[in-house]
1. Spot the failing condition for Gly56; the list is (1) without any contact (Cβ under 8 Å) to a residue 60 or more places away in the chain; (2) surrounded by fewer than 19 Cβ atoms within 10 Å (Cβ to Cβ), and only one is missed.
2. Considering region 106-149 alone, what residues qualify as being within 27 Å of Pro306 (Cβ to Cβ) and over 15 Å from the mean Cα position of the chain (by Cα)?
3. Evaluate region 143-163: report whether one residue or more is out of contact with any helix residue (DSSP H, G or I) (no Cβ under 6 Å at 6 or more places or on another chain), assigned to a helix (DSSP H, G or I) and under 23 Å from Asp242 (Cβ atoms).
4. State yes or no: is Leu321 within 26 Å of Gly167 (Cβ to Cβ) and touching a Cys at 6+ places or on another chain (Cβ under 8 Å)?
5. Output the residue which, of all residues in region 79-112 that are farther than 14 Å from Tyr59 by Cβ and among the aromatic types (Phe, Trp, Tyr), is modelled with the highest pLDDT.
6. Based on what the data block shows, is Glu76 among the charged types (D, E, K, R) and either surrounded by 21 or more Cβ atoms within 10 Å (Cβ to Cβ) or not assigned by TED's automatic domain parsing to the domain that holds Met170 (or both)?
7. If I go through region 115-142 residue by residue, how many of them are buried (at least 20 other Cβ atoms within 10 Å of the Cβ) and under 25 Å from Asp242 (Cβ atoms)?
8. Given region 191-281, what strands (runs of 3 or more DSSP E) lie entirely inside it while holding 2 or more residues that are surrounded by fewer than 21 Cβ atoms within 10 Å (Cβ to Cβ) and without any contact (Cβ under 8 Å) to a residue 60 or more places away in the chain?
Amino acid sequence: MDIIEVGSAKADGPGRFEGMLKVGAYPDGAPIEIPVIIIRGKEPGPVLWMHACVHGDEYCGTYNIHAFLRSLDPSEVHGAVIALPILNITAFRAYRRMSPFEGFNNGDMNRCFPGNPKGGFTEQMAYVVYNELKRYATHLIDFHTAFTSNTRWALYADTGGEVSEVGRRMADAFGYENTLPTPKGTLVGSAMMTVAADGIPAYIAEAGGVGTAFTPETVADVAERLRNVARAIGLLKGEVTDYGRLTLFSNFHWANAPRGGLFTPAVSCGETINEGDVVGTYYDLFGDNAGDVYSPASGVVLAHHPGPIIPQGDVLIHIGLNPKRA
């Protein structure tokens, strides 16, 4: 049995193994290390790599991974799971989307893969992570969140061939109805699209909201859906649950707030809206109605700003375009 070794986590047989992966150094020279958990079975099989907190304040993903791993018995696993539940740990600790140590470079880790050993702070961390991911993974699941606790949508890499075929199988097994088959040229620099270019099927689950905007019910539901994906790809045995047909969309549209102010949303995640529908209402500092803001496109609401205040230029609404049942 070949050894799976990621940082100090060394799986030389069946069981659960924990360790740390050094991804950089703090300004004082102390090592930056992120946790690694490997669960390995006795029998060979796929290697499912999963990570969360690419954006540091998206804590729901960390809880999703922990809940899923607690549900696994290594004796039932065919292959292995490699989990990095807190990828962008300096941002995680600062309760921020991006690292406080990022200066003049690209600080969005979800646009930094496969990384650059001579790049900025985040690009160098992404480089370390991606080298390990590419070495072992046969499948990738990447966890993200939006703003609100009811966020539930997903993406898979749709770049052709087996990557698309297996990605769709993962999407069906996870079963989030609103799903984007993500074409080449979209989300460039994300882990999902980068591994797809290297022939690895990949999936992103957008579950729950930033910070504490998620529920125990969401975490428990995601853990079971992950078990279903594990059954679909042969990591676990058992019948695959049919969650029903997906609603696929062609792409998405981000709309930014035209101005700042007190804001009350008028839409919910998963709702179908038409171009021109009211997205929310602004109020001035005296509590008077300062005008509505309207949807720039038709489709499915994937995410929206929750208020109660919204900075000018912040994300107003995220819409899945041209939804179709498939």
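1. Evaluating Gly56 over (1) without any contact (Cβ under 8 Å) to a residue 60 or more places away in the chain; (2) surrounded by fewer than 19 Cβ atoms within 10 Å (Cβ to Cβ) leaves (2) as the failure.
2. Listed by number, the residues that qualify are Asn106, Gly107, Thr122.
3. Yes: region 143-163 contains one or more residues that are out of contact with any helix residue (DSSP H, G or I) (no Cβ under 6 Å at 6 or more places or on another chain), assigned to a helix (DSSP H, G or I) and under 23 Å from Asp242 (Cβ atoms).
4. It is false that Leu321 is within 26 Å of Gly167 (Cβ to Cβ) and touching a Cys at 6+ places or on another chain (Cβ under 8 Å).
5. Checked region 79-112; the qualifying residue modelled with the highest pLDDT is Phe101.
6. Here the answer is no, as Glu76 does not meet what is asked.
7. Residues that pass the stated criteria total 4.
8. 261-265
The values are calculated or read from the model by the stated rules, or taken from the named source; none is laboratory data. What you see is a predicted model, and the numbers here were worked out from it, not measured in a lab. With ideal geometry, Cβ positions are generated from the backbone for all residues, glycine too; neighbour counts draw on all protein chains shown.
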